[in-house]
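FYI, it's all coordinate maths here, none of it is from the lab. Worth saying up front: this structure is predicted, and the values here are computed from it rather than measured. Every residue, glycine as well, gets a Cβ built from its backbone with ideal geometry; the counts of neighbours run over all protein chains shown.
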Amino acid sequence: MTKKFWKAVRRIGSGMFIVILCLASFVVLSSRISGGAPTVLGYQVKAVLSGSMEPTFQTGSIIGIETKDKHTSYQIGDVITFNMDGKVITHRITDVKKQNGQAVYKTKGDNNDGEDRWTVSPQNIIGLYKGFTIPYVGFLLNYSSSKLGSALLLFVPGLLLFISAFISINGAKKELEAGKVG
Amino acid sequence: MRKTFHQHITFVCLCCLFFCLGNYLVGETEAKFSSQDKAQSLELSTAFVFPETIKHLEDTAEEIVMSMKKNYQMTLSNTPDESLGELEVQLSKIKANVQELYIQMDNLNTVYEELSLYKNKNQQDTLTYVHEGFQSVESLRNEVLATIDFSKVEAVHSLLEFKIKELEKMTKQVIENDEEVLEGSA
């Protein structure tokens, strides 16, 4: 009974894993084709590379960003992700100002001692941080995107598949030989 | 056994594939560090007079006062009990000294006024060297006004002139008396 239960759990788990994998592949492929950033159910996932927003979220964690259009208005205290000088930055809004009839935002990292030099216009804002964060996963992803990490991710499965194929061939050969002898 | 091994290998391969996809799926964001001070309004002001200028004025005042004292002593030390020729030399010297004293007094007043202008600009006493310089020159000027009595100088000058006139009269009378004696004997 217990054995059957665990077998069912394993099957469901494997099935879900494959479904997630297929969905992830679909999202990545579609974003590659469309040229935009990968978005799942209106959320983008970002790995945090530095620590100016600690302790809200830690360096090396991944955070979920709810994507918004340029007409969305934000409040003081919201944590927004925006494009600035070719980089994607996530900081907290400290002030809302009017410039040429539209709202622009002053931002600051929670761990920084001063406001940022720039003002962020709504066109540059990608989305709003909603409090979803997973610590340390960003470090793993960052490592896997490095040269050594990428090489390992290609080499390890290749080696394992090779070993698997070798064992299969060897087993088939033994079975054949056993059949001949029999 | 072989089936389990194949399952494990497939699982590891799928995990690797998942990580590869994760790289593409997850973007990057920087919570950028910045350490900057807010720009405060900064007021810059230069001193309207430098300490060197005040020092120079103080030195000038001291030189003038020393020279004035010397001239004054020289003027008063002249003894009027001399011959007519010597008295005339002394009178010309005293005249020159008196003139010099008046010029020096004017110069000292000019230095004093210049410093009092700086002192008026420094109403809040922010520049201590201006205040100190002014006080020093003011005390020197007060000392001169207390020490040098121009009426005494004028008195000496007048006395000398009087003596010279007296001597000239006496000389004239002596000559006239001599002439009369000569005419009577002739």
log10 I(q)/I(0) for region B:45-167, Debye formula on C-alpha points only (no solvent), q = 0.21 Å⁻¹, two decimals, reads -1.06
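So for each of B:107-114, A:144-151 I average, over its residues, the number of other beta carbons within 10 Å; can you give me the resulting order with the highest mean first?
On the way: B:107-114: 16.6, A:144-151: 12.9.
Per-residue Cβ counts within 10 Å, averaged per peptide and sorted highest first, yield B:107-114, A:144-151.
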A correct Stokes-Einstein calculation for the protein assembly as shown, using the alpha-carbon Kirkwood radius, 25 °C and 0.890 mPa s, returns a whole-number D in µm² s⁻¹ of 77
For region A:100-182, averaging the sequence separation of alpha carbon pairs under 8 Å that lie six or more residues apart and dividing by its residue count, the contact order in percent is 14
Candidate span helices, chain A: DSSP H, at least 15 Å along axis from Cα coords, Kyte-Doolittle average at least 0.5, result A:2-34, A:147-181
For region B:46-60, Karplus-derived ³J(HN,Hα) couplings (6.51, -1.76, 1.60; θ = phi - 60°; whole Hz; x for glycine and proline) come out as 9, 5, 6, 9, 9, x, 4, 5, 5, 4, 4, 5, 4, 4, 4
Too long for a 18 Å Cα-Cα cut-off, among A:K87/A:K108; A:K70/A:K106; B:K69/B:K165, are B:K69/B:K165
Mean-square fluctuation maximum in Gaussian network of chain A, Cα pairs under 10 Å, restricted to A:I33, A:I62, A:I76, hits A:I33
Dividing the mean separation of Cα pairs under 8 Å (6+ apart) by the residue count of chain A yields a relative contact order in percent of 19
In cubic angstrom per residue, the convex hull of chain A built on its Cα atoms measures 186
Taking the alpha-carbon centre of each part, the distance from region A:32-83 to region A:1-26 in Å is 30
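Starting from the Kirkwood Rh over alpha-carbon pairs, what translational D in µm² s⁻¹ does region A:93-182 have by Stokes-Einstein at 25 °C and 0.890 mPa s?
Numbers: Rh = 19.3 Å.
Once the numbers are plugged in, D ends up at 127 µm²/s.
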